[in-house]
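Novice: Have a look at this one.
Please treat every number below as a calculation from the coordinates, not as lab data. Computed from a predicted model, the values in this text were never measured in an experiment.
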Amino acid sequence: MNKKPTIWLVRLFSVVLAVAAACQGRAQAQSVPQKVGADCSEQYITNDPSDSGGAIVETDDGHMYRIDSIDRVDSQLWLAGDDIVVCWAAYRYKDRVITLYTIRNGDDKDDAQRIH
């Protein structure tokens, strides 16, 4: 008599494990970012980044970029009129699109990054 309940529990447990594995696989598949676009453009700095300690860079096309604190050591040395290369890559993550920017000074190739 004890064997039937044990078999039933083993079968139930294996079904629960199969469902959990399927759900986990679906969750992992949804949590992998997918690249949806990327581009680079050459621009010129219109403000003096040292006025903000390198925190803000404005470009001739009207965009403003907030520079991560770790990269401000480099960006505070940039000057108005410096040419820079702004690259972006957009990733879809779950229900959001996250755009990552890399800003490189055209003269010294220093990098600064921010998340949009």
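Novice: Amide H neighbours of Ile67 under 5 Å, at least 5 residues apart or on other chains, H built in the peptide plane: list them.
Specialist: Placed amide hydrogens put Ile56, Val57 under 5 Å from Ile67.
Novice: Work out, step by step, the length gained on full extension between Thr102 and Ser41: first 0.36 nm times the residue separation, then minus their alpha carbon distance; give nm to one decimal.
Specialist: Values: separation 61, 0.36 × 61 = 21.96 nm, distance 1.08 nm.
Stretched fully, the Thr102-Ser41 segment lengthens by 20.9 nm.
Novice: Which whole-Hz couplings ³J(HN,Hα) result when phi for each residue of the stretch 77-89 is put into the Karplus expression 6.51 cos²θ - 1.76 cosθ + 1.60, θ = phi - 60°, listed in order with x for Gly and Pro?
Specialist: Listing the rounded values in order: 8, 6, 10, 4, x, 4, 8, 10, 10, 9, 10, 9, 9 Hz.
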